[in-house]
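Taking it in order: structure first as structure tokens, then the write-up.
The values are calculated or read from the model by the stated rules, or taken from the named source; none is laboratory data. Nothing here was measured: the structure is a model prediction, and the numbers come from that model. Glycine gets a Cβ as well: all are built from the backbone with ideal geometry, and neighbour counts include every protein chain shown. Heavy atoms of the whole protein, side chains included, go into the accessibility calculation; ligands, DNA and RNA do not. Shrake-Rupley method; radii C 1.70, N 1.55, O 1.52, S 1.80 Å.
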Amino acid sequence: MIDIVASGKFACFTRAETPSDRLTYPVMTPSAAVGLLSAIFWKPAIKWEPREISILRPIQYHDRKTKELQKAPTASNPLPKRTLRHTRMLKDVAYRIKADLRLVGYGKEESKGKYFAQAQRRIDKGQFYSAPFLGLRECYAEFRNATESDTPIDRDLDLRLFLGWNYEAEDQEAEPVFFNASIRGGTLSISSDQYDRIYPE
């Protein structure tokens, strides 16, 4: 099991039901944790499975409005069209992530220990393949090994959270997968069975 702390000045784990404005979930989603871990260590033979995500700092929000490009300029319309977009983000965040991994493809014949060791070496050295982030690429994340002092806040929440995408659904586009999440004592627990829904055999 990998056990790390990821922190940053800002984070935004966008709710899927708010496409026009970016409104964040109050906690890091499992899919965001997968993205962060994959930025640190990724191989075709593994899929990350975050099992626990603990909130280490009080939940605080930050609102902002930005002008974003809606339509790129073209030969017939050289002026770009911009739109004003509202974003509700989290600020001053830190999460403790405990994650297992699942072997897929040719990796099924190999040992998990080998991949855990490779990932742990990268974490120890602060190395990554691409810059890790917290939901949005502009929300850069720092990471380190977790310690006993990294304890969650005392907070209970019941949410319907985005788990990830099922890219192997037959005869249709990738479909979003949600689950009913219970955060108790500041910690969200996800069973391995939940990941069967996005990592089908």
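Below are the figures for this structure:
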quantity	calculated
Strands (runs of 3 or more DSSP E) contained entirely in segment 1-119, each with at least 2 residues that are under 17 Å from the mean Cα position of the chain (by Cα), modelled with pLDDT of 95 or more and within 19 Å of GLU138 (Cβ to Cβ)	2-11, 81-103
Condition check for ALA169: at pLDDT 90 or above, of a type in the set (Gly, Ala, Ser) and out of contact with any Pro (no Cβ under 8 Å at 6 or more places or on another chain)	no
Some residue of segment 124-131 being out of contact with any strand residue (DSSP E or B) (no Cβ under 7 Å at 6 or more places or on another chain), at positive phi and not basic (Lys, Arg)	yes
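Yes/no matrix, rows are residues, columns are (1) open to solvent by less than 100 Å² (accessible area, probe 1.4 Å); (2) in contact (Cβ under 8 Å) with a residue 60 or more places away in the chain; (3) assigned to a loop (DSSP other than H, G, I, E, B):
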position	(1), (2), (3)
ALA131	yes, yes, yes
CYS139	yes, yes, no
ARG144	no, yes, no
ASP150	yes, yes, yes
ILE153	yes, yes, yes
LEU159	yes, yes, no
GLY164	yes, yes, no
GLU168	no, no, yes
GLU173	no, no, yes
